[in-house]
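Okay, structure first, notes after.
Read-outs: derived from the displayed coordinates by stated rules, not from any lab. Being a predicted model, the structure only gives us computed values, none of them experimental. Backbone-built Cβ (ideal geometry, glycine too); neighbour counts: all protein chains shown.
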Amino acid sequence: MDFARQVELAHFPAGVMVTVRQTPEGRIFQAVQAGRGLELLVTTDAVRMYGEGPTVALALERLKKVSEAGLPEVGEDGTYQRAVFVGD
């Protein structure tokens, strides 16, 4: 399933934008809303261990919970807090 469609079906709070990008370390899922946001790094090992579908579902579930509770403020230097899921 298309990532944008999965985000739509997750029903994030209004105004929250969710993106994903690939890095050498793994995938970074990001939820952002008006000067607030959180990054979730799922390492390459974790993606291999959990599989494609469960990885996306896990990341979206975690970001949605944090979004509903209130995303942390973006740092003064423009960086986002980052949570990391690693493979065992």
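What to note about this one:
- In degrees, nearest ten, helix 52-69 long axis to first principal axis of the chain (Cα): 20
- By the helix-only formula, in which each DSSP H run with n ≥ 4 contributes -39500 (n - 2.57) and the sum is divided by residues, the chain has a 222 nm mean residue ellipticity of -11500 deg cm²/dmol.
- Point-charge dipole on Cβ atoms (K/R +1, D/E -1) for the chain, about Cα centre, debye to 20: 160
- Counting beta carbons within 10 Å around each of VAL7, VAL32, VAL42 and listing the fewest first gives the order VAL32, VAL7, VAL42.
- Computed over the chain: relative contact order in percent, which uses C-alpha pairs under 8 Å that are six or more apart: 31
- The residue among GLN6, THR44, GLY70 whose Cα reaches farthest toward the positive pole of the charge dipole of the range 3-85, with charges on the beta-carbon of Lys, Arg, Asp and Glu, is GLN6.
- Karplus (6.51, -1.76, 1.60) ³J(HN,Hα), θ = phi - 60°, over the range 25-32, in Hz, Gly and Pro reported as x: 7, x, 9, 10, 9, 9, 10, 9
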